[in-house]
1. What pairs come up if the first residue lies in segment 2-14 and is basic (Lys, Arg), the second is open to solvent by 40 Å² or more (accessible area, probe 1.4 Å) and in a loop (DSSP other than H, G, I, E, B), and their beta carbons are under 9 Å apart, counting only those six or more places apart or on different chains?
2. Pairs only if they're at least six apart or on different chains, beta carbon under 8 angstrom, first in segment 39-56 and on the phi < 0 side of the Ramachandran plot, second aromatic (Phe, Trp, Tyr) and at pLDDT 70 or above; list them, first residue then second.
3. Filtering segment 18-50 down to residues that are basic (Lys, Arg) and at pLDDT 80 or above, which residue is nearest to the chain's Cα centre (by Cα)?
Amino acid sequence: MRWSCARGCGAGGAKRYPAAEEARRYARAFDHEDQEDLGRRAPLVGLFPLRLLRALREHRAKRAGTGPGVTPPPR
């Protein structure tokens, strides 16, 4: 597997894996963007306002019945 930085910083490298499926699995993990986890794994003090905002949004979504894990009522 070969990789390079998509932002053009010049970082890159290569690594051999025993099987192509292993290389694909690692490539998927590296291509993953952490936008959906922003605020959930934020440092406790530095991004505390982001944690509060996320908690408030989740609370409002649960009250409105549209949050994750909430099944919509049957039609």
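1. ARG2/LYS15
2. Short answer, once both residue conditions are applied: ALA42/PHE48.
3. ARG28
The values are calculated or read from the model by the stated rules, or taken from the named source; none is laboratory data. Since the model is a prediction, treat every value here as computed from it, not as a measurement. Every residue, glycine as well, gets a Cβ built from its backbone with ideal geometry; the counts of neighbours run over all protein chains shown. To get the accessible areas, we keep the full protein, side chains included, count just its heavy atoms, and leave off ligands, DNA and RNA. Shrake-Rupley method; radii C 1.70, N 1.55, O 1.52, S 1.80 Å.
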